Structures are given as C-alpha cells and as structure tokens.
Amino acid sequence: MRRRTLLAGIAGGLVAAGTAPAFADARRRVLHVRPGDSVQEAVDAVDGPGWTIVVHPGTYREVVKIPAEKAELTLRGAARDPRAAVLVHDNANGTKKPDGTTYGTAGSATFTSAAPGLTVRDLTLANDWLRADHPDITGTQAVAAYVTGDRSYFENVRLLAHQDTLFVDTSALDAFDRQYFHRCYIEGDVDFVFGRATAVFEDCHFHTLQREVNFIPKGMVFAPSTARANAYGILAVRCRITSGAEDAAYKLARPWVPSYETTAWPSLVVRDTRIGPGIDPVAPYTNMREAYPWQTMRFREYGNSGPGAVITVPENRPQLTPGEAELHTRKVYLGDWRPRA
C-alpha cells in the first residue's frame, strides 16, 4: 500500500502510465512527468531495474541525479523531437553552494548519471550558465551532462552548454565504462566533449560556438583523458563538425591528463567524419599542458572529409592505416554490448 500511495501522489500529478489507478500500472514500470512535475522525484520513485520515465513537452529547470542503484533506467521524451522536452539548470564550477563551497566541474552538471544500463532518448540536456553574466566567477566549466556507469546509451539527445558540455567519465579509475551516443547534437566551446570513458559517437553533430575572445584557438571539441590501460578512448565515426565561429578558430582536440591520474594516455579517433572550416586544418591539435604534448598521445584520424580535414602538414594529422582502422569501430569499442541492432 505504501508503494501505491507514492505512485499515486508524487509531485502533485506524476503518475504511472495509462488511465487506470497508478498502482495498477506500476507493473508496467512507466512514470510520466509533465510540466509542474519534477524529473528528480520520478527518478527517486523508481524502485528497481527496468523502469521508464517519460518526460512530456516543457522546460524543467532542475538538477537531476540518477544514482548507480537505478540500473537499466530509460529516460525519454514523449515527443520524438528532442527540443520538445528540455532539462536545464545553470550551475558552474565556481558557483557557490549554500555552505559556501563551490560545485566543481562534475558537480556543476545539470544531469548526472552513475546508473549502468541507462538509456536517454529524445531529450535536451542543457546548462545555460554564461560567463558574461558572472564575471566574478573564474571556474567557468558548466556541464550539461556528467555520465558514468557502464552501458550508457544516448539516442537523439541534444547536449547544450559552453565549456565542458559533456563529461564522459567512468565509475572508478580502474573501470572501462562504455558509453554510446547515436544521432546526438552536442555544442560548446572549450573541451566540450571530455573524459576517460570508452565513448563512441556515431552519426552525431558537433557544433562549436562563437566566442567573443581575442585569441586563437577559441576552444577545442575533444579533451580525452583515457586511462593508459584502456585500449579505447573516444571514437567519433560518421559524424560532422560545424562552427558558428570564423574559419580555423577551433582545434579538434587537446589531451587532458588530470592531476589525479598523471598516468593517463588520452585516446581519440575521428574517422569518416566531415570536418567543417571552423577547425584549423594546419594544426588541428594543441596541448593542455606542455608537460603532456599531444604528439605523444593516441590521436588518430581516418577517412575524414571537408575543409577542416585537409592534410596540409602530415605530421600534424596522424592517420590510421586501413588495417588499424578495423580496430576502431563501434563493435570493437563496445565489445559484447549491442545498444542497437
């Protein structure tokens, strides 16, 4: 009876799917969230694997955290258009919490998940914190989604922020958690896809934003921090990279070797991808710290096209051989996990 009461009354209208009483539909393991409801309260109501939370069109200004025990959860928009349901908040690394401390990079995320087997579909996840509105804050990383946990699957999701939009991390330093992003749109400016996960991006669209600064580069798309023991880091295949900034204003990537894991050996492969003119074709990679030059990292390309992919200085664009390219595919990176047919 306690479970029935929770499902019937949560969030002033959050109920299980269908027109029958809430407790009767609990067996279908579906919850609906509508404007005025809370996505987090729906997550909190989930009591086992296999639940689906359907988010109806609207803007939900809140922070959502999915803990590891909410395994095999699906969070999806009710509409196929990911612009219809938007989950957004505005914390940054340097934003102060009520206790006077700051959130930090990971803590700034609008959406956080540590749940294995997570599926997110047809939604927008955004962090709309802006540097111009907070000139007193120097910790300007503002994450839209911070994801750990093995077998995290994002389909038709928009991820919007500026610096550090998408943090693809792992549940532990010795874990090789896998993440898969299909037909997603990701925009930002500095290091806006970063982290240590085995993360595959297929048929995705990356977009670099205009940034009002007087230096070049204005930012970087990728900043992997792959563990040395992990053979696979970030893979982008059949994607496209566009820009709202001037030509050659952005770098494709720079390696991130965190202070808490100085043995990291960042890995990035971009293949069969159309790279627009916003990426510098002459020198597409740069360093985050001089002690860790990008040339010593596992950065490779294969079969790319577009003005930002032109090979003008071969040593600046390391390429895979056809044989090596066979080892850098979705199936190889994800192993025994098949998120889609």
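Coordinate-derived values only; no laboratory data. Keep in mind it's a predicted model, so treat the numbers as computed, not measured. Note: ideal-geometry Cβ built from the backbone for every residue, glycine included; neighbour counts use all protein chains shown.
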Contour minus Cα-Cα distance for residue 259 and residue 69 (0.36 nm per residue): 65.5 nm
If the only charges are +1 at each Lys and Arg Cβ and -1 at each Asp and Glu Cβ, what is the size of the charge dipole of the range 57-334 around the Cα centre, to the nearest 20 debye? 420 debye
Spacing of the two label points (7 Å from each Cα toward its C-beta) at residue 315 and residue 62, in nm: 5.6 nm
Residues in the range 87-123, backbone N under 19 Å from the label point at residue 130 (7 Å along the Cα-to-beta-carbon vector): list them, ranges by number please. 87-95, 110
Order these by the 10 Å Cβ neighbour count, fewest first: 63, 157. 63, 157
For the range 147-197 and the range 271-325, what is the separation of their C-alpha centers, rounded to whole Å? 21 Å
When only C-alpha pairs under 8 Å and at least 6 residues apart count, what is the relative contact order of the chain, in percent? 9 percent
Taking H as built 1.01 Å from N, whose amide H comes closer than 5 Å to the amide H of residue 117, not counting residues under 5 places away? 72, 150, 151, 152
For 242, 208, 312, 124, order by how many other beta-carbon atoms lie within 10 Å, fewest first: 312, 242, 124, 208
Reach of residue 251 by Cα under 12 Å, taken over aspartates and glutamates that are not fewer than 8 positions away in the same chain: 189, 191, 280
Can you list the aspartates and glutamates whose alpha carbon is less than 13 Å from that of residue 65, not counting same-chain residues fewer than 8 positions off? 41, 44
Using a Cα-Cα cut-off of under 12 Å, which aspartates and glutamates could be cross-linked to residue 96, ignoring same-chain neighbours fewer than 8 residues away? 136
Note down the magnitude of the dipole of the range 203-341 about its Cα centre, charges +1 on Lys and Arg C-beta and -1 on Asp and Glu C-beta and zero elsewhere, to the nearest 20 debye. 340 debye
Pick from 142, 264, 172 the residue whose mean-square fluctuation is largest in a GNM of the chain, springs joining Cα atoms under 10 Å. 172
Tail beyond 29 Å, pair distance distribution of the range 57-334 (Cα, percent): 27 percent
Based on other C-beta atoms within 10 Å, arrange 178, 76 from fewest to most. 76, 178
Computed FRET efficiency, Cβ-Cβ of residue 337 and residue 287, R0 30 Å: what is it to the nearest 0.05? 0.35
